[in-house]
Amino acid sequence: MNKLKSAVKVLVVDDQPLIVEELCEFLESSGYHCVPCESSRQALQRFSEDAEVGLVLCDLHMPDMDGIELVQSMQKIAGKQRAFEAIMLTGRADKQDVIKALRAGISDYYQKPINLDELLEGLQRQEAALEERQKELQLGHLNQKLQYLSESINDLYQDLDKVRRGPLQVADGEGRQDAGAAQVPSIFNQLSPRQMEVAWLVGKGQTNYQIACELGITENTVKLYVSQVLRLTHMHNRTQLALALSPSHSPMRQQVSAH
């Protein structure tokens, strides 16, 4: 009885076309979508192009690049953003090869001629393991986003607190009131102290990284503030913002004030 169609694709790699054909036919009938490859180089290309490939069946002994080298190359492509599980197929079960494969991160191995039912069970186990790894990756990404959001919200609350305590003071990046602050276009009056501070630093030509270091906040938080400033002032880019705050571009100031 066939299982439900799996969302994970299986990359089948062997330099013998008949083996690739047999494995793919069996796995397709068992609910998997297979990506057949007859060389390591072809496998690397398919793996790079198709992010849905999450399971890899590869022969150990192949020309140009053996199965262990292939999996290691795939690991470099995947980095920390993508998870996959690999199973090695070998016609010569040399102990040292098996140890080397396991150390390289290959999850399991089967000796040829392959018992297809055993292989299917093994593939299903690795699919379950892959699902857990993918959940961990997603949780990690979510936690990182929540951390950035928390830091941004904390900065925004600090700005609100400053507004409640007193009138808006426009200062440059070093805490000194800017000499041209009184001439700032009225459209900037709606900005919070922190937003105005970021705007001045952008106007001084600083990068997001430099601004983050100077203000003691994350680079992502700086990006959030820059986006807010551009939206509130109806400007299209950092260059337009910098010109609007430059004392040598009074026409731009007048244009922005009249927007």
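The values are calculated or read from the model by the stated rules, or taken from the named source; none is laboratory data. Note that the structure is a prediction, hence the values are computed from the model and not measured. Glycine gets a Cβ as well: all are built from the backbone with ideal geometry, and neighbour counts include every protein chain shown.
Taking the options Gln42, Gln81, name whichever one is assigned by TED's automatic domain parsing to the domain that holds Leu123 and outside any loop (DSSP other than H, G, I, E, B). Before the answer, list the steps.
Working: Gln81 fails: outside any loop (DSSP other than H, G, I, E, B).
Going through Gln42, Gln81 in turn, just one is assigned by TED's automatic domain parsing to the domain that holds Leu123 and outside any loop (DSSP other than H, G, I, E, B): Gln42.
If a residue must be among the hydroxyl-bearing types (Ser, Thr, Tyr) and in a helix (DSSP H, G or I), how many such residues does segment 7-39 contain?
Summing the residues that are among the hydroxyl-bearing types (Ser, Thr, Tyr) and in a helix (DSSP H, G or I) in segment 7-39 gives 1.
Let's see how each residue does on (1) out of contact with any Cys (no Cβ under 8 Å at 6 or more places or on another chain); (2) at pLDDT 95 or above:
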| position | (1), (2) |
| --- | --- |
| Ser6 | yes, no |
| Val10 | no, yes |
| Glu25 | yes, yes |
| Cys37 | yes, yes |
| Leu57 | yes, yes |
| Pro63 | yes, no |
| Ala78 | yes, no |
| Gln81 | yes, no |
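Among the residues of segment 63-89, write down those that are in contact with a strand residue (DSSP E or B) (Cβ under 6 Å, 6 or more places away or on another chain) and not aromatic (Phe, Trp, Tyr).
Gly67, Leu70, Val71, Glu85, Ala86, Ile87, Met88, Leu89, listed by residue number.
Within segment 216-227, take every residue that is in contact (Cβ under 8 Å) with a residue 24 or more places away in the chain and part of a helix (DSSP H, G or I) and give me the one that is surrounded by the most Cβ atoms within 10 Å (Cβ to Cβ).
This residue is Tyr225.
For segment 84-96, which residues satisfy the criterion of being closer than 21 Å to Glu132 by Cα and either among the charged types (D, E, K, R) or surrounded by fewer than 10 Cβ atoms within 10 Å (Cβ to Cβ) (or both)?
Residue satisfying the conditions is Glu85 alone.
Return yes when Gln81 is farther than 22 Å from Pro17 by Cα, touching a residue at least 40 places away in the same chain (Cβ under 8 Å) and exposed (fewer than 15 other Cβ atoms within 10 Å of the Cβ) and no when it is not.
Yes, satisfied.
From the list Ile68, Ile106, pick out the single residue that is touching an Asp or Glu at 6+ places or on another chain (Cβ under 9 Å), part of a helix (DSSP H, G or I) and surrounded by 14 or more Cβ atoms within 10 Å (Cβ to Cβ).
Ile68
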